[in-house]
Structure formats: C-alpha cells, structure tokens
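The values are calculated or read from the model by the stated rules, or taken from the named source; none is laboratory data. In this text, all values refer to a predicted model and were calculated from it rather than measured experimentally.
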Amino acid sequence: MIKCLYCGYECPDTATICPNCGKPIIKIASGNQPTFDDIKKAHLREKAGIKQAETNSQKQVIIAACVLLILALMIYKFV
C-alpha cells in the first residue's frame, strides 16, 4: 500500500491516482521521503491531466452548441 501525500489515504501499490482525493500518487524512488524529482513528475502528470480534462470539456461544449444550432435550424425550417 502507498500513502497519498495529499490526503493520507492508503492506496493500492498499482494506483497512479488516489481514489480518495484524485491527486496523483507520488512513487518514492528511495527512502521514506519523496525526492524533488518524484514531486516534480507527479505535478507534471497532474498538470497534464487537468489540461486533458479542460480540452475534453471544451469539445463537449462545442458539440452541444452545434447540436442545439442544428435543432434550432430544423425547427425554424419546419415552422
């Protein structure tokens, strides 16, 4: 079990993200304390995940707007 450094939850060894708080699990290279490189890598993984989530939500908004526009045009054409 790996302890999440953000919330203290005991996560499975195979986890890359804490199931409790959603933050990345920092794999400790050696010793009991994470190294600067461990924390930096975890931060970069988290940052990349946030960017991916923002990109996905932007795509969903654009698709929803297009669908609404098409529906509005169809209704306008038949009225």
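Any residue at all in the stretch 30-46 that is part of a loop (DSSP other than H, G, I, E, B), modelled with pLDDT under 75 and of a type in the set (D, E, K, R)? Lay out the reasoning, then the answer.
We begin by selecting, within the stretch 30-46, every residue part of a loop (DSSP other than H, G, I, E, B); these are 30-35.
Next, only the ones that are modelled with pLDDT under 75 stay: 30-35.
Remaining after also requiring of a type in the set (D, E, K, R): none.
No, the stretch 30-46 contains no residue that is part of a loop (DSSP other than H, G, I, E, B), modelled with pLDDT under 75 and of a type in the set (D, E, K, R).
Do the conditions hold for Ala65, that is, is it modelled with pLDDT of 80 or more, of a type in the set (A, V, I, L, M) and in a helix (DSSP H, G or I)?
Numbers: modelled with pLDDT of 80 or more: yes; of a type in the set (A, V, I, L, M): yes; in a helix (DSSP H, G or I): yes.
Yes.
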